[in-house]
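First up is the structure itself, then whatever we jot down about it.
The values are calculated or read from the model by the stated rules, or taken from the named source; none is laboratory data. Keep in mind that what you see is a predicted model, and the values were worked out from it rather than measured. Heads up, the Cβs are rebuilt from the backbone with ideal geometry, glycines too, and the neighbour counts pull from every protein chain shown. Note: accessible area is taken over every heavy atom of the protein model, side chains too, but ligands, DNA and RNA are not part of it. Shrake-Rupley method; radii C 1.70, N 1.55, O 1.52, S 1.80 Å.
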Amino acid sequence: DENYEGDVRTYEDFYNEFMDALEDIKKNRISSVKDIQSIFDDMFEAYIASDDPSLWPNTTIYNILLEAHAGCTADEGGSEAEHILNRMEDLTVDTIARPNKESYKHVMDAWANRKNPSKAELLMERLQNRCEKTADPELQPDTAVYNKLIVAWVKSDSLDKSQQAERILNYMIEQYKNGNSLLVPNQKSFIQVMRCYGYQDKTKEGLKKVRELFQSMKHLYQLNASPALQPDTPVYNELINNIAFNKGIDNPAKETEDVLYEMLEAANAGNEALQPDSETFRLVFNSHKGNPDPSIAYKVEKLVELQKNSDVVPTAGSFNAAIQAIAWTRAPDKASLCWKLLQRMNEQDLTPTLSSYNGLLNACAHSVEPSNPADIFGIAVKAFNQLRDDDKLAPNVKSYSNFLRACAQLLPDNAKRDSVVQNVFLKCAEEGHVGRSVIAELLDACSEEILVNLLGGDPKDGLKIPRKWSRNVKDEREILRK
């Protein structure tokens, strides 16, 4: 209607609104798609009223709607997405856009997110059938579609999900060997199956399976030299991750380092696909966490230098992993080593996180027979004050419990210590972070008189902590019970 004066938004306007709403659903884990559905309804009404063909909701628009249902947290998201796909397939409805391959992938995602891989399998079969029926080569299931199916099994609660994911991978390998280039498995295919086996089975047998998959990928690449099959840094990182957290091997840290050095050797020889990244080093640092051997602290320190000398740009995550690994050791100077790493983060414009500060405070609080307790406590004070002064961070129950432990371990038992402990605990209570560990450290950190004053009675007679003191404690293990 040339006299139409209703909605004046263009296709681009609607598209941008759709994308903003979709991002909101993904970012904030929203349960309802009513906002994005409202935009769709407005667009369709504008198309009908204005008869402007540019406002017709095409396949791109319908795919955004499908992706919204897939990404929302509503239980019915899968069935709603499939209902829309059914209408898109219905040839008796001529006012609706027809599905493309992306449409089916979004509905597969919807079922994967709801842990229903069998539904995802049916969607893949529907796509294959539609491809054959329409003779449209653009609908032929490819690697990306089969990877969606692998992910659907990986996300499921099925006890045999690893075997099911491997079944799909093996089918892709077989098809590729028989000449179907559309189904060449890629790095993501192998990573997902490796991760599934490693997560489900942290024994030697589980790691054996992960290694078999890794070797299978290397063998395929040697035979075909397809870039999609080249084991690259993310694939090696997945291998390192599975080694680091496997409970069936004696020295996972050494094995992760062996893989790291293999990568460095290959990268130095010109294989850029195996250049280690910050995630590689983070995982290697993590493999050392929990080992109290003092030598581990100095090994991690050397690995941090190796990361720098290898031109690997660090992240807050890689620094945090190094700090935590050092903090777990019994090295006498672990607090100063962690403090140096925190300073290096600042020097490299990497903002320390709550995990950074808590790792450092943990190192101070658990210093073993320190010869310089005043220096270590000075580090704890500087770290704690930096954390409290940070505009975006604040101490939590771990921060307070570690600082109180540092007071008990590093300060002389006198009135000054009582004063420090009292002030810190009162602030902790004011901010609602009093948990089990805070109370446990408080019992050792101050005199009985201060303890009774702070808690309103003798702990031996039982504790009755005001609820507001613990209102921000989220960890179930820390919540004080009656």
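A compact table of results
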read-out: Förster-model FRET efficiency, 60 Å R0, Asn16 and Gln163, C-beta, rounded to 0.05; value: 0.85
read-out: Sulfur and carbon atoms: percent of accessible area, the range 326-482 [1.4 Å]; value: 47
read-out: Per-residue [θ]222 nm for the chain (sum of -39500 (n - 2.57) over DSSP H runs n ≥ 4, rounded to 500); value: -21500 deg cm²/dmol
read-out: Accessible surface, per residue, of the chain when the full set of protein chains is kept, probe 1.4 Å, Å²; value: 51
read-out: Spin-label proximity, Gln37 to the range 60-84 - amide N less than 15 Å from point 7 Å beyond Cα toward beta carbon; value: 65-84
read-out: Computed label-point distance, nm, for sites Arg477 and Ala49 using a 7 Å Cα→Cβ extension; value: 5.8
read-out: Mean separation of Cα contacts under 8 Å (6+ apart) over length of the range 283-370, as relative contact order %; value: 34
read-out: Prolate/oblate/rounded label for the range 26-164 (Cα gyration tensor, a/c 1.5); value: oblate
read-out: Sites matching GluC sites (Glu not before Pro) across the range 22-126 that sit in DSSP coil, with at most 15 neighbouring C-beta atoms within 10 Å; value: Glu76
read-out: Theoretical FRET efficiency, 1/(1+(r/R0)^6), r = Cβ-Cβ of Ala97 and Arg330, R0 51 Å, to 0.05; value: 0.20
read-out: Cα gyration tensor shape for the range 394-471, rounded if a/c is under 1.5, else prolate or oblate; value: oblate
read-out: Relative contact order, percent, the range 226-372 [alpha-carbon distance under 8 Å, six or more residues apart]; value: 20
read-out: Euclidean distance of C-alpha centroids, the range 331-346 and the range 171-250, integer Å; value: 37
read-out: Computed accessible area, Met263, all protein chains, 1.4 angstrom probe, square angstrom; value: 0
read-out: Neighbour-limited loop hits for trypsin sites (Lys or Arg not before Pro), the range 185-247 (at most 16 other Cβ within 10 Å; DSSP other than H, G, I, E, B); value: Lys202, Lys247
read-out: Length gained when the stretch Lys202-Asp258 is fully extended (0.36 nm per residue, less Cα-Cα span); value: 18.2 nm
read-out: In Hz, Karplus ³J(HN,Hα) per residue of the range 392-406 (6.51, -1.76, 1.60; θ = phi - 60°; x = Gly, Pro); value: 10, 10, 7, x, 10, 4, 5, 4, 5, 5, 5, 5, 5, 5, 4
read-out: Relative contact order (percent, whole number), the range 101-182, Cα cutoff 8 Å, 6+ residue spacing; value: 30
read-out: Longest site-free stretch - the chain; sites: chymotrypsin sites (Phe, Trp or Tyr not before Pro), DSSP loop, at most 16 other Cβ within 10 Å; value: 5-244
read-out: Cross-link pairs Lys26/Lys204; Lys27/Lys105; Lys308/Lys382 - those with Cα-Cα distance over 30 Å; value: Lys26/Lys204
read-out: Cα centroid separation, the range 424-445 to the range 1-67 (Å); value: 52
read-out: Fully extended contour minus Cα-Cα distance, from Asp90 to Lys416, at 0.36 nm per residue; value: 109.4 nm
read-out: For the range 253-329: rounded, prolate or oblate by the Cα gyration tensor [a/c cutoff 1.5]; value: prolate
read-out: Cα-Cα over 18 Å, subset of Lys247/Lys289; Lys34/Lys101; Lys209/Lys299; Lys115/Lys208; value: Lys34/Lys101; Lys209/Lys299; Lys115/Lys208
read-out: FRET efficiency, Asp7 to Leu122 (Cβ-Cβ, R0 35 Å, nearest 0.05); value: 0.35
read-out: Inter-label distance, nm, simple model (7 Å from Cα along the C-beta direction), Asp24/Asp375; value: 5.5
